[in-house]
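Everything below concerns the one structure shown next.
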Protein chains: 4
Amino acid sequence: MNAPITPMPDVQGSVDVRNLPIDRVGVRGLRYPIRLAVSQADPNQGSVGEFSLSVALPAHQKGTHMSRFVALLEAMHEAGDVLEPSRMAQLGSDMVRLLEASAGSIEFHAPVFVKKHAPVSGLASLMDYELSMVVDCEPSAAPAVSLEVKVPVKSLCPCSKEISDYGAHNQRSQVRVRARLASGSSLTVLELIRAVETQASCELWGMLKRPDEKYVTERAYDNAKFVEDLVRDVALSVKALPGVVSAEIEAENFESIHNHSAWARLSV
Amino acid sequence: MNAPITPMPDVQGSVDVRNLPIDRVGVRGLRYPIRLAVSQADPNQGSVGEFSLSVALPAHQKGTHMSRFVALLEAMHEAGDVLEPSRMAQLGSDMVRLLEASAGSIEFHAPVFVKKHAPVSGLASLMDYELSMVVDCEPSAAPAVSLEVKVPVKSLCPCSKEISDYGAHNQRSQVRVRARLASGSSLTVLELIRAVETQASCELWGMLKRPDEKYVTERAYDNAKFVEDLVRDVALSVKALPGVVSAEIEAENFESIHNHSAWARLSV
Amino acid sequence: MNAPITPMPDVQGSVDVRNLPIDRVGVRGLRYPIRLAVSQADPNQGSVGEFSLSVALPAHQKGTHMSRFVALLEAMHEAGDVLEPSRMAQLGSDMVRLLEASAGSIEFHAPVFVKKHAPVSGLASLMDYELSMVVDCEPSAAPAVSLEVKVPVKSLCPCSKEISDYGAHNQRSQVRVRARLASGSSLTVLELIRAVETQASCELWGMLKRPDEKYVTERAYDNAKFVEDLVRDVALSVKALPGVVSAEIEAENFESIHNHSAWARLSV
Amino acid sequence: MNAPITPMPDVQGSVDVRNLPIDRVGVRGLRYPIRLAVSQADPNQGSVGEFSLSVALPAHQKGTHMSRFVALLEAMHEAGDVLEPSRMAQLGSDMVRLLEASAGSIEFHAPVFVKKHAPVSGLASLMDYELSMVVDCEPSAAPAVSLEVKVPVKSLCPCSKEISDYGAHNQRSQVRVRARLASGSSLTVLELIRAVETQASCELWGMLKRPDEKYVTERAYDNAKFVEDLVRDVALSVKALPGVVSAEIEAENFESIHNHSAWARLSV
């Protein structure tokens, strides 16, 4: 351990003659513990992120230095930093400088939790969501940060409700929103989640007692939405959030009458 | 290509001194095209199987000969054989002989399709299911073959229906049945699938027109079942099939009011 | 079955007032048996495809008609058609017309098999690959078809080989190539696969005897490549194929010295 | 919120007449933040667990009360408890009492991290592993707790090394050990991980500099092992740990010369 390190040939640093720049090269599937800011009330939640880090490689360079990507996460972890959008932008800038690159991208996804109170009983439990954050660094431009959430909700079919004498088919759906943030945006993860949940036939909770279950059932029936309605209503809701430059919205209904999904996608 | 093969040391065949027999050793994740018998009307359907093949290794032997497992599937493929339960039993016997083993197991899973007619319009489309077949070969016993199907269905919650003024939450569910077959059983894949579908709140179809959707919605509402009801009713239905020695039944409801599943399992 | 169909309200056809066109709406995760042309010698191979089909929806229209997507695949299946690039283009055109849409996309992925002969023993076995095909239909343009293959190969690290007294770390890698085809291109799936395999440290086979294993081991050692080398060499190889307009190449090394991957991506 | 709860019918509590007890019924795929003890030096590491909780249901009872499973995790989370084996046993006992059941099981899996120092440079980085813990509660018996780790390692093929003039194929492997713990066992997660890593051709690190990469390459070449050697050596190593009653060991090599895995399993 800790033996003196003898000089070794730097194969990656040698010259490449194929004349092909590489858009991105780096590591993928690298897991690290992280700290996340979910809301003002929950500014430092622990989670586990799975990272992809990569940089552009010019045509003349044979290879990049993979260990530096890991060193970057290790340093952030040691410092105990919270991965807010501004810290993510910094991480992107640090990476392109450390790797001596002109451009680069970092993306991670991680589970986040929100404490929710059941709609009638008021009982508390946690709901889990999937968060992603992305930073893209291009030459002569500020790092561009996007926030993405995957929010599970309930959808109830307006057609089934209209044509049936009683009942209506409903199912779990997943809404994915990727929002490009303005520089300095203070949009929180929770605000983005709520902009989705409020537009569903009904939102979900981890724990429901019978009076809550009655509420969810009737609320969804009163609030039927196609997958097309979901993406449109969420698009309007997300576009109205402060600090959102643009957004891509996708919804997938795990249809309860088929073995396939209905889905839709739009950009605003 | 086809150069003369020079003798090489057989490392796998050397003697092991750790005195530890190995329960199973072999290959996993090996994909091959296969032929399947789904029903008497559809006795030779093409699909793609993902196989696991393994044998017992005695304490004194260092390693098994992995290439022989692949050779076994290649020979079956070349012959164009249909993987019925009796052929699966034969494949198990052939494997333990070819590998000079006392015991062994083969398992594969593959998608299968059934042409179904929508309940009102009568329109035809295909439904996909996941089929598995397993053979276990033990010393001094006939090969034991099990058939497994994973059947997607609709479940509608009796509690939600009972307590709500209107509507009821429902969702896609998956029922898994693994049936140990009697030697010589002529049970078909389709019979096992139907023994599940008939017990659900409602079965699924690939294509439904509006009158069909009305039927499915009302049929499920008239036929509310907990996940506990599903496994019990399917257990009774499967146990009554000819040629079934025993069965394990599992149902999972992808709850439309939560971000987790309700599930149950029983053996008969 | 086949009861007379009573008129029902067409909720999907009603007018939408949110003034938001939808980029794509349709079905996802729909599995159907398909026929594929892998090479001139293997023009009609059966497989199982998982499809996504979607169309653009104008701002004034509330919803699309989901059952028509399934009807499209059912008709193709009944006709027994082989899903060559030209048939895929036709399927795209048929879809936008049937759905009365201005634009749309179809994508499927499916396993395909190629019979390969081991490099020394010459023994035959099948190798499995993942194929995708995509068609994008935009107004006033011919359908654009892309062919994608995921090819598993072996990569051996040049740095590890250079700095070590003996041995070199190597691992399984996956190379993904998505090639945009010229209209009328007769490029085959096998040609695209071979353009990848010939550029790896060594290609893979399903079955190898000892002399083959010696060949693979030494061939990879003689032919060390970084993940950067892989994407560059494959890019040159794919770009030289007739009928390829452009291509995206991605390679991922499932590093044997880490619990994460090295990867690279470039476009030509 | 917090409205008065009106009495509602208890459908789950009604009497069932099918005369079929259910082995296990409960929830699955429920995610909650957890605290884990990884080693004496790291007794309180945060992670995210995915839980399955279930109980036996007697023949006369129609359904279980699903919300109580969630309440159990919520209470544990609120208390900030560390999920050590003894706490897991307690959780099992609490669950069967809360659900008024005779038997039940809890299982979770979660990522855990260990700080490791590269073998030559001594540089620190984190390695991720997958941990599972299981408790089974049966009537008139103490809760039985098992600890499972999935440990990624490097394996190098003895046959390839022996028959080749230079080089040897190697790859990432995953070793899974499930150890049944004696009541009161103080075995740590890290001890179980180390009992695997020390038996591999070489262990893995998150970050390696060139001198470390040379070490790993040569160490693996000096220490060739079949998948059969891996399970045997790990079995001996795990069986010698204090507090282990029995263990199941499984190893899977993601072969770098094939597109399938070699694997083996044994119980001690």
Restricting to Cα pairs under 8 Å and 6 or more apart, the percent relative contact order of the range A:84-175 works out to 23
Distance in nm between D:GLU138 and B:GLU100 label points, each 7 Å along Cα→Cβ, equals 3.9
Using only Cα atoms, tell me the angle between helix D:85-98 and the longest principal axis of chain D; keep it within 0 to 90° and round to the nearest 10.
20
Let me make sure I get this right: for the range C:22-267, a, b and c are the square roots of the gyration tensor eigenvalues over alpha carbons, sorted descending. Under 1.5 in a/c it's rounded, otherwise prolate if a/b > b/c, else oblate. Which is it?
prolate
So for the protein assembly as shown, using the alpha carbon gyration tensor with a ≥ b ≥ c as root eigenvalues (a/c under 1.5 gives rounded; past that, a/b versus b/c decides prolate or oblate), I'd call it rounded
How much accessible area does D:GLU78 have with a 1.4 Å probe, in Å² rounded to the nearest 10?
110
Can you give the accessible area of B:VAL11 in Å² (nearest 10), computed on protein heavy atoms with a 1.4 Å probe?
20
Semi-axes in Å, largest first, for the range D:163-214 (Cα gyration tensor, √(5λ)) are 31, 15, 8
Considering chain C as a Gaussian network with a 10 Å cut-off on Cα pairs, which listed residue, C:LEU123, C:LEU208, C:LEU53, attains the greatest mean-square fluctuation?
C:LEU123
The range C:1-72: C-alpha gyration tensor shape, a/c 1.5 cut-off, then a/b vs b/c:
oblate
Using a 1.4 angstrom probe on the protein heavy atoms only, could you order B:LYS154, D:LYS150 from most to least accessible area?
D:LYS150, B:LYS154
Going by Cα centres, the range B:233-268 and the range D:153-195 are how many Å apart?
37
A:GLU78 versus B:VAL268: modelled label distance in nm, points set 7 Å from Cα along the beta carbon direction:
6.2
Can you tell me which of C:GLU138, C:GLU248, C:GLU100 moves the most in a GNM of chain C? Springs connect C-alpha atoms under 10 Å apart.
C:GLU100
Nearest 100 Å² is fine: what is the total accessible surface buried where chains B and A meet, probe 1.4 Å?
3200
Given a 1.4 angstrom probe, I'd like the percentage of the accessible area of chain B that is carbon and sulfur, rounded to a whole number.
51
Counting only protein heavy atoms and rolling a 1.4 Å probe, one gets per residue an accessible area for the protein assembly as shown in Å² of 35
Given the whole protein assembly as supplied and a 1.4 Å probe, what does the accessible area of C:SER186 come to in Å², nearest 10?
100
In nm, the gap between the two label points placed 7 Å beyond Cα toward Cβ at D:SER14 and D:SER39 is 5.7
At what distance in angstrom do the alpha carbon centres of the range D:97-146 and the range A:1-63 lie from each other?
30
Lys and Arg at +1, Asp and Glu at -1: add these up for the other residues within a Cβ distance under 12 Å of C:VAL227 and post the number.
0
Under the convention of a label 7 Å out along Cα→Cβ, give the distances in nm from D:ALA124 to the same position in every other copy, shortest first.
3.4, 5.9, 6.8
Summarise the partner chain shielding of D:156-162 as one whole number: the mean count of Cβ atoms from other chains within 10 Å of each residue's Cβ.
6
Please report, for D:LYS239, the nm distances (one decimal) from its label point, 7 Å out from Cα along the beta-carbon direction, to the equivalent points in the remaining copies, shortest first.
4.0, 5.9, 6.8
Springs between alpha-carbon pairs under 10 angstrom, Gaussian network model over chain B: which of B:ALA235, B:ALA79, B:ALA195 fluctuates most?
B:ALA79
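Starting from the residue with the highest accessible area, list A:SER105, B:SER160 in decreasing order, probe 1.4 Å.
Details: A:SER105 20, B:SER160 0 Å².
I get A:SER105, B:SER160, largest accessible area first.
The values are calculated or read from the model by the stated rules, or taken from the named source; none is laboratory data. The shown structure was predicted, so the numbers you read here are calculated from the model rather than taken from an experiment. Don't worry about glycine lacking a Cβ; one is built from the backbone with ideal geometry, like all the others, and counts go over all protein chains shown. Please note that ligands, DNA and RNA were not included when accessible areas were found on the heavy atoms of the full protein model with its side chains. Shrake-Rupley method; radii C 1.70, N 1.55, O 1.52, S 1.80 Å.
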